[in-house]
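One structure is given here, and the rest of the page talks about it.
Each value in this text was obtained by applying a stated rule to the coordinates, not by laboratory testing. What you are looking at is a predicted structure, and each value in this text was computed from that prediction instead of being measured. Neighbour counts are summed over all protein chains in view; Cβ atoms, including those assigned to glycine, are modelled from backbone coordinates with ideal geometry.
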Amino acid sequence: MKASQKGRLRLALAATVAATVMTTGCSAVGTGDDADGNDVLTIANSGELVSFDTAQAADGLLIQYYQPVFDSLLRRAPDGTVEANLATDWTYSEDFTELTLTLRDDVTFTDGSAFTAEVAVANIQHQIDANGVNASAVATIEGLSAPNDTTLVIDLTTPDPGLVDALAVTVGLMASADSLSADDFETNPIGSGPYLLDSDDTVAGDTYTYTANPDYWNPDAVKFDEIVIKTITDATARLNAVKSGQVQGTPLDLTQFDDAESSGLVVQASRDDWLGLMIFDRDGSIVPAFADDRVRQAISYAIDRQAIVAAFRAGHGEPTTQVFNEDSAAFVAELDDEFPYDVDTAKALLAEAGYGDGFAITLPDFGEIYGSEIFAVVTEQLAAIGITVELETLPIPDLVQRTLTGQYAIGLTGGGLGTDWNTINSYFLENSLFNPFHSTDAQLDGYIDAIRTSQGDEQAASYQELNRFIVTEGWATPFFRGDQVYASTDDVEIELQFGNIVPYISNFSPAA
């Protein structure tokens, strides 16, 4: 069930594009009455939809295009907790390798067909067969069955703490069985969701219009008569659109924060992404120095996080040593004080490790994504402790491929501060996408095994121990947790979404 190497490269490139989007802006929403007095929600989204195929549905920006049409098996609340939706209950077996879900029996797709466990099996199997952007989220599934119309059983090769969360967002999106194999599935989505795509008023790549589903099983969730999503990739155009009333809400670049506030807009911010260095070659196979934890720790001491936040986030961020969300189970507040900026300590650690004269590294130059200025600062700060950085500049796809195949010992990277398991799955499992050297450690594996086979407070304690290990061992050197900023007019209420760069559609309501 694992993604092929070609598929993993495609996923890596998608992750790079997502990181680009996170540094340039997201989407937000608004409401207004049309000429007929209907309550309309207008959303500006900076991501471009390629297909309505659910196997291409990614969390982040693009999830907003799918959510009006498709219900998910479970639901992720604004605070990140998982709640019932099409599935009313879910339980694991004692060894956490079998997940059983109880499904609603009163749901109908907009083509008139019934939602059943067999349909749920077909949808998840479609995710597996497609080997799409959710390949890693379904990689542990080895069997699907429907003992009856309201019971779905998922068998796993190994316990997977991320599966329930995936079923609450992308992997759990349900389309009608016939539409999964239809020739027009990519353009004609058929779900059981609160809205239907209005093809007549939709222009692909520009404007997507959704009308309320009059037969929706949960009428309280239908808050608007119509939803319009406008694809506006330019940040200045989005800000001008909300100022002029073309849309009632939009994402902002950090540099637009003051402008939006002074214009009387409602501005909200959530700390949902991180940026920093990740040491891939933790065993020192191509840079022997990285096998020594003192060298890795020296790099953490060498980074002036406060200066980076001031220079590159306009103050809209917070220095951190952690790759986990500050509102998550894994976060440990005192770890952010573990590596204060200290050049002398960094030099001393290098000397103790036998690298008093320094050494050289090659860093893939993702300046096109993160900005050339931050690479210049990182180069300067590492040079101050004797580490010489040579930037390798190639086309972005080539850099991604070389990173994934273990050509670089270290890289500047980042991502969303989402769920704890998603972070582990991305970076710290032996076969993680961004663990190209397949680094393992017995102590770390022990924490991972404990996380896989526990829940609640016991699992949270294991998450925190794993976090302490990653920080103190210097496997990752994050610089900051960064803000994502949203502006709206006061005729719409928005709840920001934990771990996501845009609010989910269900988080939007007409202002009281």
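Quick notes on this one:
- Separation in nanometres of the label points that stand 7 Å from Cα toward Cβ, at Glu94 and Thr151: 1.9 nm
- Of the residues Ser192, Ser46, the one with the fewest other Cβ atoms within 10 Å heads the list, and the complete ranking is Ser46, Ser192.
- Efficiency of FRET from Cβ geometry, Asp293 and Asp105, R₀ 51 Å, rounded to 0.05: 0.40
- Maximal additional length on extending the Ser199-Ala84 stretch stands at 38.4 nm, based on 0.36 nm per residue less the C-alpha distance.
- Three-way shape call for segment 395-509 based on the alpha-carbon gyration tensor, with the a/c threshold at 1.5: oblate
- Backbone phi angles across segment 471-479, fed through the Karplus curve with coefficients 6.51, -1.76 and 1.60 (θ = phi - 60°), yield HN-Hα couplings of 5, 6, 7, x, 5, 10, 10, x, 9 Hz in residue order; Gly and Pro are listed as x.
- For segment 245-370, the calculated P(r) over all alpha carbon pairs, in 10 Å bins from 0 to the bin holding the longest distance, is 10, 31, 31, 17, 8, 3, 0 percent.
- Neighbour-count ranking [beta-carbon atoms within 10 angstrom, fewest first] of Trp90, Trp274, Trp475: Trp90, Trp475, Trp274
- Spin-label model distance (nm) - Glu142 vs Val343, 7 Å beyond Cα toward Cβ: 5.5 nm
- Separation of segment 231-296 and segment 358-380, taken as the distance between their Cα centroids, equals 18 angstrom.
- Beta bridge orientation in segment 271-483: antiparallel %, DSSP, nearest 5: 75 percent
- Gain on full extension, evaluated as 0.36 nm per residue between Asp327 and Glu186 minus their Cα-Cα distance, stands at 47.2 nm.
- Here the extension length gained between Glu493 and Ala384 equals 34.4 nm, from 0.36 nm per residue of separation less the Cα-Cα distance.
- Among the chymotrypsin sites (Phe, Trp or Tyr not before Pro) in segment 389-430, none is located in a DSSP loop while being surrounded by at most 10 other Cβ atoms within 10 Å of its own Cβ.
- Cα gyration tensor category, rounded, prolate or oblate, for segment 271-483 with a/c compared to 1.5: rounded
- Working note: Karplus 6.51/-1.76/1.60 with θ = phi - 60° gives segment 329-340 the couplings 5, 7, 5, 10, 4, 5, 5, 5, 9, 5, 10, x Hz, where Gly and Pro are set to x.
- Cα gyration tensor, the chain - rounded (a/c under 1.5), prolate or oblate: oblate
- Going from the residue with the fewest nearby Cβ atoms within 10 Å to the one with the most, Ser300, Ser136, Ser199, Ser51 rank Ser199, Ser51, Ser136, Ser300.
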